[in-house]
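Peer 1: Have a look at the structure that comes next, please.
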């Protein structure tokens, strides 16, 4: 019996050390050397050294002076991230979308872009399509007493073209640039 248990325990200990300790330490070290910003959460740090957020996670901005991100099913909490799991046929989803559309509707601007009404799969997507940002331009310009053309130029500078997919705008990056105007 001991001829079976001793090799099994030895192998268990060896594999635990290799896959549970050595490999994670090696991967962490390589990541810290090769990709330090990404390995530490892609944090956005302001001029005084304060962490303002992560470029990879949506932030909730309140008030008319800011561009708003898409809604979050988890209230922008990273621990509770995830979709709402409400199906398109669920009346609760339809009610929420209709209520949000009523709050966001701007007379004379047409329908509210879908990206401002629906959550992302993670609930934390920091990007919006340029059309969803453009829908908010008049509100932000009025709240900040800025010409819309100034904001349009700011949006154009912050519009990213991913390798795959349509152009997007990172709302946190845009609002941080807006703060510096």
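Peer 1: With Rg and Dmax of the Cα atoms in Å as the read-out, I listed (i) 22.8, 82; (ii) 17.7, 55; (iii) 15.6, 49; which label goes with the value calculated from this structure?
Peer 2: So the structure-derived entry is (i).
Peer 1: Label-point separation (nm) for residue 156 and residue 138, each offset 7 Å from Cα along Cα-to-Cβ?
Peer 2: According to this spin-label approximation, the distance is 2.1 nm.
Peer 1: Still on this structure, please answer the following. With a 10 Å Cβ neighbour count serving as the proxy for reagent exposure, in which order, fewest first, do 135, 23 appear?
Peer 2: Going from least to most buried by this count: 23, 135.
Peer 1: On to the next question. Compute the helix-to-body angle for 130-144: its Cα long axis versus the longest principal axis of the chain, expressed 0 to 90° and rounded to tens.
Peer 2: 60
Peer 1: How many angstrom lie between the C-alpha centres of segment 108-165 and segment 21-69?
Peer 2: If we compute the Cα centre of each part, the gap is 22 Å.
Peer 1: I've got another one for you. Ranking 35, 76 by Cβ neighbours within 10 Å, fewest first, what do you get?
Peer 2: Working: 35 11, 76 18.
Fewest to most other Cβ atoms nearby, the residues stand as 35, 76.
Peer 1: Right, next: With a Förster radius of 35 Å, plug the Cβ-Cβ distance of residue 163 and residue 86 into 1/(1 + (r/R0)^6) and report the FRET value to the nearest 0.05.
Peer 2: Step by step, r from the Cβ atoms, then E = 0.70.
Peer 1: Roughly what angle does helix 23-34 make with the longest principal axis of the chain, taking Cα atoms, 0 to 90 degrees, to the nearest 10?
Peer 2: Roughly 40 degrees between the two axes.
Peer 1: Follow-up question, since we're still on this one. What is the helix-to-structure angle for 91-104, meaning the angle in degrees between its Cα long axis and the longest Cα principal axis of the chain, kept from 0 to 90 and rounded to the nearest 10?
Peer 2: Rounded to the nearest ten degrees, it is 50.
Values in this text are rule-based calculations from the coordinates and carry no lab data. Computed from a predicted model, the values in this text were never measured in an experiment. Here Cβ is always computed from backbone atoms with ideal geometry, including for glycine, and neighbour counts include all displayed protein chains.
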